[in-house]
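Chemist: Right, I'll just put the structure down here and ask away after.
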Amino acid sequence: MDKINSSLLSTNQSMSYRPVFFRNVSPAAETELKAFINTKKDITIYDTIRTQLTELIRLNHPQKKLSAEESAQLITAHVNGNIDNYGVWIYFPWSNKLVHTLDEKEFAQVRTSRNVYKITPEEIDTLKTKKIGIIGLSVGQSIAMTLAMERTCGELRLADFDEIELSNMNRIRVNIQDLGLNKAIVAARQIAELDPFIKVVCYTEGITNDNIDDFFTQDGKLDILVEECDGIDIKILSRIKAKALGIPVVMDTNDKGMLDVERFDLEPERPIFHGKVNDLEELSAEELNSRLNSLTIPEKIGYLAKIIGFENLSEAMKTSVAEMNKTIVGWPQIASAVTLGGAMITDVSRKILLQQFTASGRYFVDFDELFTDQFNTINHTTRN
């Protein structure tokens, strides 16, 4: 068992999100794994290492159609005869499952093989060194999962103090048994079960004055901040911190496909939110905290209107804002828009990290404008 992860077995199960790795590189390690399995009642074991190796061998011989016999011979040679001890066994404490996989380098090679050449091998190597922080795991969960699926980074820092509620399940992909769990923890577990080699760090108190420096800089500075939180105070404070550190910020507003990009890495004097809240940015840290912490709900909505621009809201969202705390109690977000946000943020983040996109600005992928009855009416008239 990897010593660095052995302590995770005794952590609070509800907060556990890091898998435990067993590498059978010695007889003692193999014995330890067997003893561990015997201590875990009702453990479920998944061993598909042979099919994973079959894929790996096929990738390493792309110009030859291998027979089953040739593939088996190459696998035997590759593992040096002992397939049970090849790769790594990974235990997921929250589900009591043990899975046998290729180790990190080969796992990543196979898992990202369908990215090539939309993302080149050289770009894949660059992206695995990058760190992305996400504040807010409602919209942010779809973003985190898409970033992980595409392997756009090697480390994700997830911050959210909130717990999964039943009403969240209209746009957050979770299971009923996840109700009551912290949103960041649930997202981290999903990422671990997708790719256990991506480093994930959870901030289950959200972003606070006490942990904001750690979130941005501990073990290396973030390369991108994805800001998706509800709190106007954290929206402002996190941008001021990102600007001071020269970290680009991206945000999906989940309405009309609106995407914000602020390149503080390239434009260190750029005002936050494109200059829409200059009155706040001019305050000292103490004055800013005092102002933001004393805002009333109407004042918060007023700042959000300034930041987003009332003219940029869809008609449905304008209706929702007017009905807040009258007939509805939460900011409306729907799954299709959240999923779109995951795609947009992942695409623009990859391009920023690979220096393929350098602009700041506000961009729209508005389905209501892209898909209209006007187009269908014109086509129908022409055909007739």
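The values are calculated or read from the model by the stated rules, or taken from the named source; none is laboratory data. Being a predicted model, the structure only gives us computed values, none of them experimental. Using ideal geometry, Cβ is built from the backbone for each residue, glycine included, and neighbour counts are taken over all protein chains shown.
Chemist: Counting only residues that are in a helix (DSSP H, G or I) and within 26 Å of residue 33 (Cα to Cα), how many does region 73-108 have?
Modeler: Going residue by residue through region 73-108, those that are in a helix (DSSP H, G or I) are 73-79, 104-108.
Then keep just the ones that are within 26 Å of residue 33 (Cα to Cα); that gives 75-79, 104-108.
Summing the residues that are in a helix (DSSP H, G or I) and within 26 Å of residue 33 (Cα to Cα) in region 73-108 gives 10.
Chemist: Further, regarding this structure: Do the conditions hold for residue 134, that is, is it outside the structural domain of residue 221 (by TED's automatic domain parsing) and either surrounded by fewer than 18 Cβ atoms within 10 Å (Cβ to Cβ) or at pLDDT 95 or above (or both)?
Modeler: When the stated conditions are applied, residue 134 does not pass them.
Chemist: Now for a separate question. Considering only residues that are at pLDDT 60 or above and among the β-branched types (Val, Ile, Thr), look in region 1-42 and name the one that is farthest from residue 86 (Cα to Cα).
Modeler: First, the residues of region 1-42 that are at pLDDT 60 or above: 12-42.
If we keep only those that are among the β-branched types (Val, Ile, Thr) as well, we get 20, 25, 31, 37, 39.
On the way: 20: 16, 25: 8, 31: 15, 37: 17, 39: 23 Å.
The residue in question is 39.
Chemist: Assigned by TED's automatic domain parsing to the domain that holds residue 129, in contact (Cβ under 8 Å) with a residue 40 or more places away in the chain, crowded, with 17+ Cβ neighbours inside 10 Å and out of contact with any Leu (no Cβ under 7 Å at 6 or more places or on another chain), is that true of residue 239? Reasoning before the result, please.
Modeler: On the way: assigned by TED's automatic domain parsing to the domain that holds residue 129: yes; in contact (Cβ under 8 Å) with a residue 40 or more places away in the chain: no; crowded, with 17+ Cβ neighbours inside 10 Å: yes; out of contact with any Leu (no Cβ under 7 Å at 6 or more places or on another chain): yes.
No, not satisfied.
Chemist: Suppose the filter is over 21 Å from residue 227 (Cβ atoms) and buried (at least 18 other Cβ atoms within 10 Å of the Cβ); does residue 178 pass it? Reasoning before the result, please.
Modeler: On the way: over 21 Å from residue 227 (Cβ atoms): yes; buried (at least 18 other Cβ atoms within 10 Å of the Cβ): yes.
Against the criterion (over 21 Å from residue 227 (Cβ atoms) and buried (at least 18 other Cβ atoms within 10 Å of the Cβ)), residue 178 qualifies.
Chemist: Being over 22 Å from residue 256 (Cα atoms) and exposed (fewer than 13 other Cβ atoms within 10 Å of the Cβ), is that true of even one residue in region 300-313?
Modeler: Checking region 300-313: not a single residue is over 22 Å from residue 256 (Cα atoms) and exposed (fewer than 13 other Cβ atoms within 10 Å of the Cβ).
Chemist: Let me ask something additional. Can you tell me which residue within region 93-130, out of those that are touching a Gly at 6+ places or on another chain (Cβ under 7 Å) and not assigned by TED's automatic domain parsing to the domain that holds residue 24, is farthest from residue 221 (Cα to Cα)? Talk me through it step by step, then tell me what you get.
Modeler: The first filter runs over region 93-130 and keeps only residues touching a Gly at 6+ places or on another chain (Cβ under 7 Å), leaving 100-103, 128-130.
Checking the rest, the ones that are also not assigned by TED's automatic domain parsing to the domain that holds residue 24 come to 128-130.
Numbers: 128: 15, 129: 12, 130: 9 Å.
Filtering first and then ranking leaves 128.
Chemist: Give the residues of region 115-158 that are hydroxyl-bearing (Ser, Thr, Tyr), in a loop (DSSP other than H, G, I, E, B) and within 14 Å of the chain's Cα centre (by Cα), sorted by residue number.
Modeler: Hits for region 115-158 are 138, 152.
Chemist: Also, quick follow-up: Evaluate the following for residue 359: is it assigned by TED's automatic domain parsing to the domain that holds residue 254 and either assigned to a helix (DSSP H, G or I) or over 29 Å from the mean Cα position of the chain (by Cα) (or both)?
Modeler: It is false that residue 359 is assigned by TED's automatic domain parsing to the domain that holds residue 254 and either assigned to a helix (DSSP H, G or I) or over 29 Å from the mean Cα position of the chain (by Cα) (or both).
Chemist: Name the residues in region 137-151 that are surrounded by 24 or more Cβ atoms within 10 Å (Cβ to Cβ) and either farther than 20 Å from residue 231 by Cβ or in contact with a Phe, Trp or Tyr (Cβ under 7 Å, 6 or more places away or on another chain) (or both), would you?
Modeler: 147, the sole residue that qualifies.
Chemist: Sort out which residues of region 137-171 are β-branched (Val, Ile, Thr) and modelled with pLDDT under 95, and write them in order of number.
Modeler: The answer is 139, and nothing else.
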